[in-house]
């Protein structure tokens, strides 16, 4: 039961990742690409959480927390660069 | 019984993440595309983290690491969406409808 549910959830998340990469490739504006990268890191956190349940180890949480922090900082820095032309003024 | 609850949360969470990404690909312009990932995907990740919390708590000690990720994500998703919208308004990204304050730039 649980193994099948993990397999279904993994395939759904991987399909979501492929759709995000498609938007990164075709995105007409630079903000579309930044938004797609933002969604990409959120979905990769989902993938890591699913792998943690699948392998029954809690090692993956530290990686998920690190990706959450660094992804937010990256999005904020890119938006700040677009807004002001500089990141740290 | 616990397996059924965990499975429901897993499939619901992954389904919401997929719905957010479909919205990112299918919606017509940037300002509508902003809605899919910032709401649906964050909700889906919340479901997955609840499932993980139940799973690791049922194997022994109470596990609350996931609350850290959930709290951090639910605090930062609106902030990054606001920053993206501000950047798009600054760059005058094409929109399907007229944006407020954009009248004088039209001929």
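No value in this document is a laboratory result; all are computed from the given coordinates. Small disclaimer: the values here were computed from a predicted structure and weren't measured. Please note: Cβ atoms are built from the backbone with ideal geometry, for glycine as well, and neighbour counts cover all protein chains shown.
Quick notes
- Nearest-ten-degree value, helix B:65-90 long axis tilted from longest Cα axis of chain B: 10 degrees
- With helices as the sole contributors, chain B gives -23000 deg cm²/dmol at 222 nm; each DSSP H run of n ≥ 4 counts as -39500 (n - 2.57), and the sum is divided by every residue.
- Per-residue mean of C-beta atoms belonging to partner chains within 10 Å, peptide A:13-21: 6
- Note on residue A:29 and residue A:55: with the Förster distance fixed at 35 Å, the Cβ-Cβ geometry gives a FRET efficiency of about 0.35.
- Peptide B:44-51 - average C-beta neighbours from other chains (10 Å radius): 5
- Overall form of the stretch A:2-84 per C-alpha gyration tensor (a/c, 1.5; a/b vs b/c): oblate
- Peptide A:61-69, shielding by other chains (average Cβ, 10 Å cutoff): 4
- Chain A: relative contact order as a whole-number percent, Cα under 8 Å and 6+ apart: 23 percent
- For chain A, the longest principal axis of the Cα atoms and the long axis of helix A:30-55 meet at an angle of about 20 degrees.
- Rounded to the nearest 10 degrees, the angle from helix B:42-58 to the longest Cα principal axis of chain B is 10 degrees.
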